[in-house]
Amino acid sequence: MAKKSSEEKRVRLSVGEFALPVPRVGSIDSNSGYGRAREEGSEIHQRVQTRRKEEHENYRAEVTVSHEFCHDGYVFEVGGRMDGFFDEEPARIEEIKSSFSPRELLSKLTADHPYSLQLRTYGYFHWLKTDTVPELTFHLVSSRNFQGEDHDVELDLVQYQAWLKLRLDELAEEARQSEKRVARRRKLAQGLTFPFEQPRTGQTELIAKIDQNLAVQNRMMLQAPTG
């Protein structure tokens, strides 16, 4: 990637966000393969990881990785945690996914599925760091009976790098559009006035509180029901 300059702007993304398609599509059905019940999925992850640790001395769970991509005036810092990493030759990276129907989920895991891109991204990070291509595996677990099965995934470097170039182009354009929206809002805000002659006491207090929190970039949750 190109060398960073002092004018490049930093954008932070998780590997999951990095692998999302554009435009973002999918199903809100928790059994679709694009979503799942968080608590159930977390429990299944922990079960698998505990068993892996007992069976393999060289296994590590929740391994943090990150990489910076410098592209078109931006630095995209992409980070995440691999579900499982087998420290062997060659190394093996495992992603654990649970579904009501693992077979149905498997049928959806095409090369451009977010889960597949997520796993390949972890593999690509490892290749960048070690110059060796790791083995990649999905461990799909049924949420009905907790039975699991492994499915290998190939990391084609040429194919992945072609996708990576397109994805970085998309992210750079998204960042530029976001900057334009922010600049437009700030310009409009300069001419924004209170729509009534005199605000009520509660409104004055709320405006002051918002100003105070914006000055220090605090997060806020406001409740302002009508009278």
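The values are calculated or read from the model by the stated rules, or taken from the named source; none is laboratory data. Keep in mind it's a predicted model, so treat the numbers as computed, not measured. Reconstructed Cβ throughout: ideal geometry from the backbone, glycine too, with neighbour counts over all protein chains shown. The protein model used for the area step is the full one, side chains on, heavy atoms only, and it has no ligands, DNA or RNA in it. Shrake-Rupley method; radii C 1.70, N 1.55, O 1.52, S 1.80 Å.
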So is THR132 over 26 Å from THR50 (Cα atoms), modelled with pLDDT under 95 and in a loop (DSSP other than H, G, I, E, B) or not? no
So which of ARG186, ARG167 is in contact (Cβ under 8 Å) with a residue 60 or more places away in the chain, in a helix (DSSP H, G or I) and of a type in the set (Lys, Arg)? ARG167
Among the residues of region 154-161, is any over 30 Å from TYR115 (Cα atoms), polar (S, T, N, Q) and part of a helix (DSSP H, G or I)? no
Among the residues of region 46-65, which ones are surrounded by 14 or more Cβ atoms within 10 Å (Cβ to Cβ) and closer than 30 Å to GLU174 by Cα? VAL63, VAL65
Residues that are out of contact with any helix residue (DSSP H, G or I) (no Cβ under 7 Å at 6 or more places or on another chain) and among the aromatic types (Phe, Trp, Tyr), drawn from region 55-91: PHE85, PHE86
Go through (1) at pLDDT 95 or above; (2) under 18 Å from THR137 (Cβ atoms); (3) in contact with a strand residue (DSSP E or B) (Cβ under 6 Å, 6 or more places away or on another chain) and name the single condition GLY41 misses. (1)
Flagged in region 146-202 as open to solvent by less than 70 Å² (accessible area, probe 1.4 Å), modelled with pLDDT of 95 or more, of a type in the set (Val, Ile, Thr) and more than 30 Å from PHE100 (Cα to Cα), in numbering order, are none
Within region 70-107, considering residues that are more than 15 Å from the chain's Cα centre (by Cα) and of a type in the set (Phe, Trp, Tyr), the one surrounded by the most Cβ atoms within 10 Å (Cβ to Cβ): PHE85
Give region 108-145 a look and list any residue that's farther than 20 Å from GLY16 by Cα and either among the hydroxyl-bearing types (Ser, Thr, Tyr) or open to solvent by less than 10 Å² (accessible area, probe 1.4 Å) (or both), or say none. THR130, THR132, SER142, SER143
